[in-house]
1. Given the residues K166, K177, which is the only one that is over 22 Å from R74 (Cα atoms), out of contact with any Asp or Glu (no Cβ under 9 Å at 6 or more places or on another chain) and among the basic types (K, R)?
2. From D156, D132, grab the single residue that is touching a residue at least 40 places away in the same chain (Cβ under 8 Å) and closer than 18 Å to V87 by Cβ.
3. Inside the stretch 151-167, can you point out the residues that are in a loop (DSSP other than H, G, I, E, B) and in contact with a helix residue (DSSP H, G or I) (Cβ under 7 Å, 6 or more places away or on another chain)?
4. Out of D156, D162, D136, which single residue is over 22 Å from Y17 (Cβ atoms) and either over 17 Å from the mean Cα position of the chain (by Cα) or acidic (D, E) (or both)?
5. Please list, ordered by first then second residue, the pairs with beta carbon atoms under 6 Å, 6 or more apart or interchain, first in the stretch 205-223 and hydroxyl-bearing (S, T, Y), second surrounded by fewer than 19 Cβ atoms within 10 Å (Cβ to Cβ) and in a loop (DSSP other than H, G, I, E, B).
6. Could you say which residue among E184, E259, E263 is among the acidic types (D, E) and touching a residue at least 60 places away in the same chain (Cβ under 8 Å)?
7. Polar (S, T, N, Q), crowded, with 22+ Cβ neighbours inside 10 Å and either in contact with a Ser or Thr (Cβ under 8 Å, 6 or more places away or on another chain) or under 16 Å from D162 (Cα atoms) (or both) - does that describe any residue in the stretch 199-207?
8. Checking the conditions here, which among F48, F82 is crowded, with 21+ Cβ neighbours inside 10 Å, under 28 Å from G268 (Cβ atoms), touching a residue at least 40 places away in the same chain (Cβ under 8 Å) and among the aromatic types (F, W, Y)?
Amino acid sequence: MLIDSHHHLWAYDPSEYDWISDEMSVLKQDFLAPQLREIASDNNIDGFISIQARQSIAETRDLLQIASTEPLIRGVIGWVPFADSDVPAAIEEFADNATLKGFRHVVQDEPDDRFLDGAEFNAGIRSLAGRDLVYDLLVFPKQLPAAIDFADRHSDIPMVLDHIAKPAIEAGKLDEKWRTDFCELARRDHVCCKFSGVATEVRDESWSVETIRPYWDVALEAFGTERLMYGSDWPVCLLATEYTRWLSAVRELAAPLSEAERERFFAGNATKVYRLA
């Protein structure tokens, strides 16, 4: 079985997706269920987790609507305004929808590296406790210290770190500050990690399996095969690679694992954390 724990869908509208710059022209088009089915067919993928791409409750509703008619979408990670006082009501709107698996905020775009310390935001996050919902953590390396403290404050809420925290990758180099903070976050047992979105962080014009192998090695050692999962970050990954090339690279990296370990990485961990079964 193969579960892609991280992809996005959108009907492209420049006013709604203003983070897609002119340098990202390949993303300035629709990526919806028909394209997702093609990806699944070409790569033998059994299911996907759809992740929010803009800060909008309307998008959460749209993703759940698409998922209601597309069985490949096994779960949705949406968005609610955690810093607002009425966030419990916003979460309650989706309480009866089993496809809703959790929420995410685009912390990487917040100008304050300690955004995750905010009292209002943390009060909103507490609304997830006891609901069997996951919080997806999207941060840059410079925000990892705040993410560590954030994870400590909410040890009863399952979390998934997206894209190994997006370190800038250069061939022959390893960001030691990233490694230290990343491994410290991994010590929190309630935090899992997606090996996703890595190719787009490579600073060289081209990349190979060997370019990203050091980061795979760190992620695997830090989180182990019990808490690391596969993701593509499609279609954003198209900025650096086609889907099939990314999957092939990750399969090569994971080849030394046992069959049981590969099953956990490619499907089992996502199934468990996001309650897909």
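The values are calculated or read from the model by the stated rules, or taken from the named source; none is laboratory data. Being a predicted model, the structure only gives us computed values, none of them experimental. As a convention, Cβ positions derive from the backbone with ideal geometry for all residues, glycine included, and neighbour counts pool all protein chains shown.
1. On the way: K166 fails: out of contact with any Asp or Glu (no Cβ under 9 Å at 6 or more places or on another chain).
After applying the criteria, what remains is K177.
2. Numbers: D156 fails: touching a residue at least 40 places away in the same chain (Cβ under 8 Å).
Only one candidate passes the filter, namely D132.
3. Correct list: H154, I157, P158, K166, P167.
4. Numbers: D162 fails: over 22 Å from Y17 (Cβ atoms); D136 fails: over 22 Å from Y17 (Cβ atoms).
Going through D156, D162, D136 in turn, the sole match is D156.
5. Every condition considered, the pairs that remain are T211/A171.
6. Numbers: E184 fails: touching a residue at least 60 places away in the same chain (Cβ under 8 Å); E259 fails: touching a residue at least 60 places away in the same chain (Cβ under 8 Å).
Criteria check complete, one pass: E263.
7. Going residue by residue through the stretch 199-207, those that are polar (S, T, N, Q) are 200, 206.
Filter once more, so that each one left must be crowded, with 22+ Cβ neighbours inside 10 Å: none.
No, every residue in the stretch 199-207 fails to be polar (S, T, N, Q), crowded, with 22+ Cβ neighbours inside 10 Å and either in contact with a Ser or Thr (Cβ under 8 Å, 6 or more places away or on another chain) or under 16 Å from D162 (Cα atoms) (or both).
8. Working: F82 fails: under 28 Å from G268 (Cβ atoms).
F48 is the lone residue from the list that is crowded, with 21+ Cβ neighbours inside 10 Å, under 28 Å from G268 (Cβ atoms), touching a residue at least 40 places away in the same chain (Cβ under 8 Å) and among the aromatic types (F, W, Y).
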